[in-house]
Amino acid sequence: MEIERKIDQSIEKIFSLQIEQSLEFSNEDHHLSGRELKISKGNNCYNFDGSSPIIAGVQTHKELDFDRSIEYEFSSDSGNYFVSGRDIYLNNIAYSEDNLKILSGSIYSLSNTKSINKNEGLFRRFILPLGNEKINLSDFQKFPVTFSSNGRKSRAFYLLIDVKGIKYYIYQRKFKNENYLFIDSGAKLSEKEFQKICFNIMLTFAFVKGNLHHDQSYILGFETEEMEVVDEISYYSMRVSAITNQPTFTTNIYSIYKDEFENLNETEEKALKEKLYEDIYDFDATTFSKLVELFNDEEKAQRAVILFIHGHHSSLEIRLPNYYVALEAITSLISNKFKSTKERLNPIKDNDIANEIISMTIDNIEKYIKDKNIAKEDINLEIIKRKLDSLNTPPNADKLAEPFNRVGYKLNEEQLKILKKRNSYLHGSFVKYVDEDKVFKEALYVSLRVHFLIAVLILKMTEFEGKIINYSSLWKYMTEKEIIEDRLVKI
């Protein structure tokens, strides 16, 4: 389905916000009221510079505090901007010879509309500056889009997803040698709701392709679906990007099997390509949409994938605990979804029998203490009771393994062994040996196995079928493990 997009005014609005300008601080109850501040675009924020009269007495700078509950107004002939006090940071205060404080600071959000006046129902456009970076859309199911700009038309591709019955159109454009990602809503939404969806779209890209681009964004609001005349515009500085270049999924077989194409003749290369491209398809829009909904609706899933992504480029001491915590969050989510039909993994299946055994054990201990006349300070009975209460708790490895059955994935023996290593790596007992080459390679190997298992669970929750990257095989030259497995594995 081909669409047309007009984005000139959107880009002009953003560029106009990036021009340095002088604005008047307009809040009467603040010491800076009526003062002129120079606002300029900085790195993932806006910077401001100005001055204020010095108040007689000890200088505590309290008069320059910004109340987090107030929106402050910056005004000029060209328009007004509103900034929450929680997003204004005073970074430096100096003194001039003419009895003024010289101020500089940062602003992490601003809008041309006060929060209380924002329209709860506008068509929305999310614009993410990427600089020299690009999000690789070639691996995804896509459709043609035509852009109209200054009377000329050009074509590219867009992704179309559907989240809770609302369509979102995702595409990229380049302006002034910088790349921008666009997300347009197909229905009217509040800015807050739209912003949350966009974050989870970016999180889905990060899960699939390994890179979370999320430093800063602009959100625009429009009365009409054509999105030509901008009614509202807001800027937000967001969480730091995580560029790991460790995707879960790819359709580029050369990036995975490059070495196998060396020294092949034309016939051999063609045969190898046909073999490797079997079951390789674009990442479909339905799976993408389901992932966005999953991360949007389930806090555990969202938290797990954030840990997963940031774990990719962390040291092994941090990566492995991150991965295991992410794995536990996902397995817990799946277990809760199937709670009514969940198999009891406890060593004693009947709760009444388990409670009776625990009660009898406590009675025997108390009798022993009494018969032997043992002092209370010599045996801490309360701690023993707490330990006995957990006597019938299932092993962690069993709790981690059970959800794989629920999503239709059969674990092999090696994967079951990896789940049993959870305690060692989650609690960091390997850290003191991490400098040893053998231990380092083993820890790396375990991390790659857990990486795969997390990806399996998350994707199978969306009923995904296809091939994903098996890093334990792809990177076996680093771990020096003898692994006879495909580098792309169908799940």
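A few notes on this one:
- For the chain, the relative contact order works out to 12 percent when only alpha carbon pairs closer than 8 Å and six or more residues apart are counted.
- With N counted as the residues of segment 132-267, its alpha-carbon radius of gyration over 2.2 N^0.38 Å works out to 1.24.
- Spin-label model, Y254 to S115: label points 7 Å out along the Cα-to-beta-carbon direction sit 5.0 nm apart.
- Nearest-0.05 FRET efficiency for T60 and D98, computed from C-beta distance (R0 25 Å): 0.70
- In this calculation the C-beta distance from D437 to D77 is compared with R0 = 60 Å, giving a FRET efficiency of 0.35.
- Per residue, the chain reaches -11500 deg cm²/dmol at 222 nm when only DSSP H runs of four or more residues are counted, each adding -39500 (n - 2.57).
- Note on E482 and K176: with the Förster distance fixed at 60 Å, the Cβ-Cβ geometry gives a FRET efficiency of about 0.70.
- Between the C-alpha center of segment 78-129 and that of segment 162-212 there is a gap of 24 Å.
- Intensity falloff of the chain expressed as log10 I(q)/I(0), Debye formula with alpha-carbon point scatterers, at q = 0.13, 0.14 Å⁻¹: -1.22, -1.32
- Taking the C-alpha atoms of segment 1-261, convex hull volume expressed per residue in Å³: 170 Å³
- 0 to 90° range, to nearest 10: angle between helix 396-406 axis and the chain longest Cα axis: 70 degrees
- For the peptides 455-462, 158-165, residues were scored by their other Cβ atoms within 10 Å and the scores averaged per peptide; the highest-first order is 455-462, 158-165.
- Degrees between helix 191-209 axis and first principal axis of the chain (Cα, 0 to 90, nearest 10): 50 degrees
- Relative contact order (%) - segment 190-260, alpha-carbon pairs under 8 angstrom, separation at least six: 32 percent
- Karplus (6.51, -1.76, 1.60) ³J(HN,Hα), θ = phi - 60°, over segment 154-171, in Hz, Gly and Pro reported as x: 9, 10, 7, 10, 9, 9, 10, 10, 10, 10, 6, x, 10, 7, 10, 10, 10, 7
- Compared with the dominant principal axis of the Cα atoms in the chain, helix 266-276 is inclined by about 80°.
- Relative contact order (%) - segment 1-261, alpha-carbon pairs under 8 angstrom, separation at least six: 18 percent
- Per-residue 3J(HN,Hα) values for segment 62-77, derived from phi via the Karplus relation 6.51 cos²θ - 1.76 cosθ + 1.60 with θ = phi - 60°, read 4, 5, 9, 5, 10, 6, 5, 8, 10, 9, 9, 10, 10, 10, 7, 5 Hz in sequence order (x marks Gly and Pro).
Quick note: the coordinates plus some simple rules give every number you see, no bench work behind them. Quantities reported herein were computed from a predicted structural model and do not represent experimental measurements. A quick note on method: Cβ atoms are made from the backbone with ideal geometry, for glycine too, and the neighbour counts reach across all protein chains shown.
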